[in-house]
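Some notes on the structure that comes next.
The values are calculated or read from the model by the stated rules, or taken from the named source; none is laboratory data. All values reported here derive from a predicted model rather than from experimental measurement. A quick note on method: Cβ atoms are made from the backbone with ideal geometry, for glycine too, and the neighbour counts reach across all protein chains shown. Please note that ligands, DNA and RNA were not included when accessible areas were found on the heavy atoms of the full protein model with its side chains. Shrake-Rupley method; radii C 1.70, N 1.55, O 1.52, S 1.80 Å.
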Amino acid sequence: MDKSRKEVLKWQILSVIWVIVISSLLHFVFEWSGNSPIVGAFSPVNESVWEHLKLGFWSMILFCFIEYPIIRKYTNDYFYAKAIGIFAMSLFIVLFFYSYTVIIGRTILFIDIGSYIVGAIIYGIINYKIMMRSFERNVNMIGLVLLIIFGVLFVLFTFYPPHLPIFKDSQTGTYGITREH
């Protein structure tokens, strides 16, 4: 394995670990902030599936600030890899969550945590594979645009969520950040 592959692999493993650890902390930041709407834009404000997808996205964005300056010289498709990886992670989590809860009729915390960890591993594998591919044209800008769109949607739907099951707080039946916050 050449130096560039080793370096990218090392950083993708660190990225997965970071996403799992920081997401665990990020889960509580809204409450710790005294329910600050600004903090709520970047951390879960309720127990909906959508709000929990913010955990992976924002922890990954934070890690990009550390990782990108170091590995950008090894790949042309860094942001594209991150966008596709976070989309795949989120899709896996949503599909797995709704599949198992339909089958057994309830949620189980350790299964939710386990599926999140598997989703983070999927994210890391996809990142690595895309970063190691050689594209004839640079698709990094597409990835950057997708990440910006994802970020805008996470913030927007915190304050103006559609009334769909994925946005509904499983404990209170509310959507997004409520007036009580």
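The residue that is farthest from Ile126 (Cα to Cα), counting only those in region 11-32 that are open to solvent by less than 30 Å² (accessible area, probe 1.4 Å) and small (Gly, Ala, Ser), is Ser23. Annotation: Asn35 fulfils all but one of (1) surrounded by fewer than 16 Cβ atoms within 10 Å (Cβ to Cβ); (2) assigned to a helix (DSSP H, G or I); the unmet one is (2). Do the conditions hold for Phe63, that is, is it open to solvent by 30 Å² or more (accessible area, probe 1.4 Å), in contact with a helix residue (DSSP H, G or I) (Cβ under 9 Å, 6 or more places away or on another chain) and assigned to a helix (DSSP H, G or I)? Here the answer is no, as Phe63 does not meet what is asked. For region 67-105, a residue qualifies if it is touching a residue at least 12 places away in the same chain (Cβ under 8 Å), among the β-branched types (Val, Ile, Thr), in a helix (DSSP H, G or I) and open to solvent by 10 Å² or more (accessible area, probe 1.4 Å), and the qualifying residues are Ile70, Ile84, Ile93, Val94.
State yes or no: is Ser15 outside any helix (DSSP H, G or I) and modelled with pLDDT of 95 or more? Against the criterion (outside any helix (DSSP H, G or I) and modelled with pLDDT of 95 or more), Ser15 does not qualify.
Scanning region 148-178 for residues that are open to solvent by 80 Å² or more (accessible area, probe 1.4 Å), part of a loop (DSSP other than H, G, I, E, B) and touching a residue at least 24 places away in the same chain (Cβ under 8 Å) yields a count of 3. Selection within region 38-55: residues that are out of contact with any helix residue (DSSP H, G or I) (no Cβ under 8 Å at 6 or more places or on another chain) and either among the acidic types (Asp, Glu) or surrounded by fewer than 17 Cβ atoms within 10 Å (Cβ to Cβ) (or both). The member of this set that is farthest from Gly151 (Cα to Cα) is Glu47. For region 130-147, taking the residues that are of a type outside the set (Gly, Ala, Ser) and open to solvent by 100 Å² or more (accessible area, probe 1.4 Å), the one that is modelled with the lowest pLDDT is identified as Glu136.
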